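J.: Encoded as C-alpha cells, here's the structure I'll be asking about.
The values are calculated or read from the model by the stated rules, or taken from the named source; none is laboratory data. This is a predicted model, so every value here is computed, not measured. No Cβ is skipped: glycine too gets one built from the backbone with ideal geometry, and neighbour counts run over all protein chains shown. What goes into the accessible areas is simple: the full protein's heavy atoms, side chains included, and nothing from ligands, DNA or RNA. Shrake-Rupley method; radii C 1.70, N 1.55, O 1.52, S 1.80 Å.
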Amino acid sequence: MSNRTFTMIKPDATAAGNTGKIIDKIIEAGFSIKAMKWTKLSLADAQKFYEVHAERPFYGELCEYMSSAPIVAAILEKDNAVESFRKLIGATDPTKAEPGTIRAMFATSIAANAVHGSDSDENAAIEGSFFFAGRELA
Ligand code: IDP
Ligand code: MG
C-alpha cells in the first residue's frame, strides 16, 4: 500500500470551468498535492498514456477526447491513496457513481467522466512519472 496516486482533471471538466471545484473536493477529502500542472495532451501523448487500453473498443474515442482540451495532471498523497481516491471519484460510468463522488457531480458521460484515478500503486508511479520529473514534487 503506497501513499501516492495520480490524477487528471479531464477535458470536459476543465472546459466546463470545474477545475477549482474538483481541486477543492480533493483537498477537502484529505489529499495533499505533491505536484500539479495545467497542460494539453497531443493525440500521441494520449495514445501513449492509455496504451494499456489499446485493444478496447473505445480507445480511439478516448484518445481523441483526452487530447481535445486542456487537462490538469497531479500527484496526490494520502494514506492508502489509490483506493481512497477511487472511492472519492466513484464508478467509471457516472450513472453508477455513488452520490457525492466527483464523477457523480461533474461527469457528463462514461467517456467524459471528469477525472482519472490510478488503479494500482504500480500504475500510479508509472503515470506520475509520465508527467513529472522527481524534482517537480513538492
Ligand atoms: P477508470 O477511469 O474508471 O479506471 P477504465 O476502465 O480504466 O476506467 O477506462 C479508462 C477511461 O476510458 C475511462 O475513465 C473513460 O474515460 C473511458 N471509458 C471507459 N469505458 C468506456 C466506454 O465504454 N466508452 C467510452 N469511454 C470509456
Ligand atoms: Mg483505469
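J.: In whole angstrom, and with the biggest value first, how far do the Cα coordinates of region 15-138 range along each principal axis?
T.: 37, 35, 27
J.: Now for a different question. Just the accessible area per residue of region 41-100, please: how many Å² with a 1.4 Å probe?
T.: 55 Å²
J.: Another question about this same structure. Would you please state which residues of region 11-36 a label at Leu43 would reach in this model, taking the label point 7 Å out along Cα→Cβ and a backbone N cut-off of under 18 Å?
T.: Under cut-off, by backbone N: 11.
J.: Right, next: In terms of Cα to Cα distance under 12 Å, which aspartates and glutamates are near enough to Lys34, apart from those fewer than 8 places away along the same chain?
T.: Qualifying aspartates and glutamates at Cα under 12 Å: Glu77, Glu136.
J.: Hey, got a sec? Which trypsin sites (Lys or Arg not before Pro) in region 34-124 land in a DSSP loop and have at most 15 other Cβ atoms within 10 Å?
T.: Within region 34-124, the qualifying trypsin sites (Lys or Arg not before Pro) (loop, at most 15 other Cβ atoms within 10 Å) are Lys40.
J.: Mind listing the phi-derived Karplus ³J(HN,Hα) values for region 14-30, rounded to whole Hz, using 6.51, -1.76 and 1.60 with θ = phi - 60°, and x for any glycine or proline?
T.: Taking θ as phi minus 60°, the curve returns 5, 5, 7, x, 9, 4, x, 4, 5, 4, 4, 4, 5, 5, 4, 7, x Hz for region 14-30.
J.: Tally Lys/Arg at +1 and Asp/Glu at -1 over every other residue whose Cβ is under 11 Å from the Cβ of Val72; what's the total?
T.: +3
J.: OK, next. Report the label-to-label distance for Thr92 and Asp79 in nanometres (one decimal), using points 7 Å from each Cα along the Cα→Cβ vector.
T.: Going from the Thr92 label point to the Asp79 one covers 3.0 nm.
J.: So, one more: Assuming a ≥ b ≥ c are the square roots of the Cα gyration tensor eigenvalues, decide whether region 63-103 counts as rounded (a/c under 1.5), prolate (otherwise, with a/b larger than b/c) or oblate.
T.: In terms of gyration-tensor shape, oblate.
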